[in-house]
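The next block holds one structure in the form of structure tokens; read it before the comments.
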Amino acid sequence: MKQIFVLFALLLGVCAANAQTTDTVKYAAGNDLYRGITRKLPYRQMVTPYGVEVTFAKTVHIIFPAAVRYVDLGSNHIIAGKADGAENVIRVKATTEGFPGETNFSVICEDGSFFSFNAKYAREPEMLNIEMKDFLENEDTSDFSHTRMNIYFRELGNESPLLVKLIMQSIYKNNDRKVRHLGSKRFGIQFLIKGIYTYNGMLYVHTQTKNSSNVPFDTDFIKFKIVDKKVPKRTAIQETVLDAVRSYNEVIEIAGKSTVRTVYALPKFTIPDDKLLLVELYEKNGGRHQVIRVENSDIVNAEVINELKIK
């Protein structure tokens, strides 16, 4: 008799455990669309989409706070692409007149921002030109959710694109002159390096270009390259070009009697003692080129950025 009671108790325990597991799975899954054990995502994990109306006869333009790197469409009811000559504007149209229901599309920008949109058809859309907000303009850096995801790009390594932009913006805003011996002045153009900063392996170079002449200076390109300090005669010049991965306030035309400052972000690099870094600023269709020679000691002594002081 005792064995029967023990067996009965064990059966009750198994049934109760199965019932509890079943209840947990139902509660977690919420419906029958899932197989196996699943967990319901809380609403705080959701990137809230924006609602956009599209139509067949008109184009909707959306202006983003940074260059667009990626666009994905939910269906073939809509088409989207970058506007010609603009990196931060996409155009969206319906391919099917009066398509039913909704579709969606997503956009990733160069600064790591992610935007999600739900699109539905409207004969006359309420908005044809939309500007997406960049909350950094209002200095609100307390909330990175909803649109600012942890999206990383290969050229930035393990660094957040948003943090890179925030650092460059902070350097530009503070406008400190940390370096006073790096500069070039020719033909009425003064080209300076105001500061060299480092954070998490990346370098940030703060430059200033002052045009004292009356003739505008049209920038062709700026080049960072590592070269030999001394090159013997009849020896090929060896140089390594460093591409800036990001820039802040890069201006192509510097008007006469004006000054422009720019912050460049460079990947981690080192300079051997027998080499140096050349920063070259070239004028388009002109000869007022500027060159700054940066020694290894200037790179080693770059000011370390404290993220707690970034504003």
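When you scan region 265-274, do you find a residue that is hydrophobic (A, V, I, L, M, F, W, C) and within 19 Å of Arg186 (Cβ to Cβ), even just one?
So the first thing to find is which residues in region 265-274 are hydrophobic (A, V, I, L, M, F, W, C), and the list is 265-266, 269, 271.
In the following step, the residues that additionally are within 19 Å of Arg186 (Cβ to Cβ) were identified as none.
There is no residue in region 265-274 that is hydrophobic (A, V, I, L, M, F, W, C) and within 19 Å of Arg186 (Cβ to Cβ).
Testing Arg35 on (1) surrounded by fewer than 16 Cβ atoms within 10 Å (Cβ to Cβ); (2) in the same structural domain as Phe117 (by the TED database); (3) not polar (S, T, N, Q), one condition comes back false. Which one is that?
Failed condition: (2).
Given the conditions (1) within 23 Å of Asn249 (Cα to Cα); (2) touching a Leu at 6+ places or on another chain (Cβ under 6 Å); (3) modelled with pLDDT of 95 or more, which single one is not true for Gly112?
The number of the failed condition is (3).
Any chance region 159-174 includes a residue that's loosely packed, with under 14 Cβ neighbours inside 10 Å and either touching a strand residue (DSSP E or B) at 6+ places or on another chain (Cβ under 8 Å) or in a loop (DSSP other than H, G, I, E, B) (or both)?
Kept after step one, since they are loosely packed, with under 14 Cβ neighbours inside 10 Å, are these residues of region 159-174: 173-174.
In the following step, the residues that additionally are either touching a strand residue (DSSP E or B) at 6+ places or on another chain (Cβ under 8 Å) or in a loop (DSSP other than H, G, I, E, B) (or both) were identified as none.
Among the residues of region 159-174, not one is loosely packed, with under 14 Cβ neighbours inside 10 Å and either touching a strand residue (DSSP E or B) at 6+ places or on another chain (Cβ under 8 Å) or in a loop (DSSP other than H, G, I, E, B) (or both), which makes the answer no.
Taking into account only those residues within region 71-90 that are more than 18 Å from Asn118 (Cβ to Cβ) and charged (D, E, K, R), which is most open to solvent (accessible area, probe 1.4 Å)? So that I can check it myself, show each step before the final result.
Kept after step one, since they are more than 18 Å from Asn118 (Cβ to Cβ), are these residues of region 71-90: 81-89.
When the remaining residues are screened for being charged (D, E, K, R), the result is 82, 84, 87.
Details: Lys82: 83, Asp84: 139, Glu87: 108 Å².
For region 71-90, the residue satisfying everything is Asp84.
Counting residues that are charged (D, E, K, R), which strands (runs of 3 or more DSSP E) fully inside region 237-285 reach at least 3? Quick ask: steps written out before the conclusion?
Values: elements: 239-242, 246-248, 258-266, 275-283.
Of the strands (runs of 3 or more DSSP E) lying wholly inside region 237-285, those with at least 3 residues that are charged (D, E, K, R) span 275-283.
Among the numbered criteria (1) within 30 Å of Leu162 (Cα to Cα); (2) surrounded by 15 or more Cβ atoms within 10 Å (Cβ to Cβ); (3) at pLDDT 90 or above; (4) of a type outside the set (Lys, Arg), which one does His289 miss?
Only one criterion in (1) within 30 Å of Leu162 (Cα to Cα); (2) surrounded by 15 or more Cβ atoms within 10 Å (Cβ to Cβ); (3) at pLDDT 90 or above; (4) of a type outside the set (Lys, Arg) is unmet by His289, namely (1).
Please give the number of the condition Tyr204 fails out of (1) touching a residue at least 60 places away in the same chain (Cβ under 8 Å); (2) surrounded by fewer than 15 Cβ atoms within 10 Å (Cβ to Cβ); (3) not hydrophobic (A, V, I, L, M, F, W, C).
Here Tyr204 meets the rest and fails (2).
Consider only pairs whose beta carbons are under 9 Å apart and that are at least six residues apart or on different chains; among these, list those whose first residue lies in region 163-182 and is free of Cβ contacts under 8 Å to residues at least 12 places away in the same chain and whose second residue is open to solvent by 40 Å² or more (accessible area, probe 1.4 Å) and of a type in the set (Phe, Trp, Tyr).
none
Results for (1) of a type in the set (Ser, Thr, Tyr); (2) open to solvent by less than 60 Å² (accessible area, probe 1.4 Å), shown as yes or no for each residue.
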position	(1), (2)
Thr198	yes, yes
Glu239	no, no
Asp243	no, no
Arg246	no, yes
Tyr264	yes, yes
Phe269	no, yes
Leu276	no, yes
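The values are calculated or read from the model by the stated rules, or taken from the named source; none is laboratory data. Remember, it's a predicted structure, so these values are computed and weren't measured experimentally. So basically every Cβ, Gly included, is an ideal-geometry build from the backbone, and we count neighbours across all protein chains shown. Note: areas computed on protein heavy atoms with side chains; ligands, DNA, RNA excluded. Shrake-Rupley method; radii C 1.70, N 1.55, O 1.52, S 1.80 Å.
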